[in-house]
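Worksheet for the structure shown next.
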């Protein structure tokens, strides 16, 4: 790992931690590289039975992409390997859990969504915040199999955060615990899974993934085509620039 992503094996559980608390664990190039490396290492580590993905500190799991970096690079459409999305651009047969300790927005939401299970602290909040900065969210396509259509549209169009309790009510989260209990509760859940027969656990995950596989493949292709002109728009550059410059964005609908 690098210094902005750490990897710790706690018994049979690999803890992969985004370690940029001073930047709300924003997903800059170094973090993204560390996440790719960490997930690949988990795949190869026979001692690691379950992966837990979390963020350092009490403020954020991850606030999403580093908009300052994005503004500097004038990024349009993110490449396919921009962020490891488990089940889409990297296969992971072993179980994964998101331990969400605070803000979980945009790319952070994407990371949590691709985990098999999610435990959240009472201080956590979730948002698909791309509409606030003129960016796209094709990664959210599988969300329709997780929440009702109107909930998904609310998340996408308002870009407003929802609480951990609300996320639990709509099925995005498996459990909500106090912040000080998050690590222990997630470790207990992971060890409970790790104690079971590995083939049965892997088959359970594979079965659920297989049921949605065809629909998700089509959904990603369609979503990517829909969002591409958004990524290439003037507004997609204006949003990150406004964030960098600490000013309101001047949307031009083009």
Can you find a residue in the stretch 2-19 that is within 19 Å of residue 69 (Cα to Cα), modelled with pLDDT under 95 and surrounded by fewer than 22 Cβ atoms within 10 Å (Cβ to Cβ)? yes
Residues (part of a loop (DSSP other than H, G, I, E, B), over 25 Å from residue 238 (Cα atoms) and touching a strand residue (DSSP E or B) at 6+ places or on another chain (Cβ under 6 Å)) located in the stretch 50-95: 56, 84, 92, 95
Looking at 106, 131, 127 in this structure, which one is under 11 Å from the mean Cα position of the chain (by Cα) and without any contact (Cβ under 8 Å) to a residue 40 or more places away in the chain? 127
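Can you confirm whether residue 120 is within 20 Å of residue 59 (Cβ to Cβ) and part of a strand (DSSP E or B)?
Criteria met by residue 120.
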If you go through the stretch 223-254, how many residues are more than 12 Å from residue 132 (Cα to Cα) and either outside any helix (DSSP H, G or I) or free of Cβ contacts under 8 Å to residues at least 40 places away in the same chain (or both)? 11
Among what's in the stretch 168-222 and is within 19 Å of the chain's Cα centre (by Cα) and assigned to a loop (DSSP other than H, G, I, E, B), pick the residue that is surrounded by the fewest Cβ atoms within 10 Å (Cβ to Cβ). 171
Could you please let me know if residue 98 is in contact with a helix residue (DSSP H, G or I) (Cβ under 7 Å, 6 or more places away or on another chain) and either buried (at least 24 other Cβ atoms within 10 Å of the Cβ) or not in a helix (DSSP H, G or I) (or both)? yes
Output for the stretch 24-49, where each listed residue is in a helix (DSSP H, G or I) and surrounded by fewer than 18 Cβ atoms within 10 Å (Cβ to Cβ): 29, 30, 33, 36, 37, 40, 41, 43, 44
Count of the stretch 133-161 residues which are touching a helix residue (DSSP H, G or I) at 6+ places or on another chain (Cβ under 7 Å) and on the phi < 0 side of the Ramachandran plot: 15
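The values are calculated or read from the model by the stated rules, or taken from the named source; none is laboratory data. Since the model is a prediction, treat every value here as computed from it, not as a measurement. All Cβ positions, even for glycine, are placed from backbone atoms using ideal geometry, and neighbour counts span all protein chains on display.
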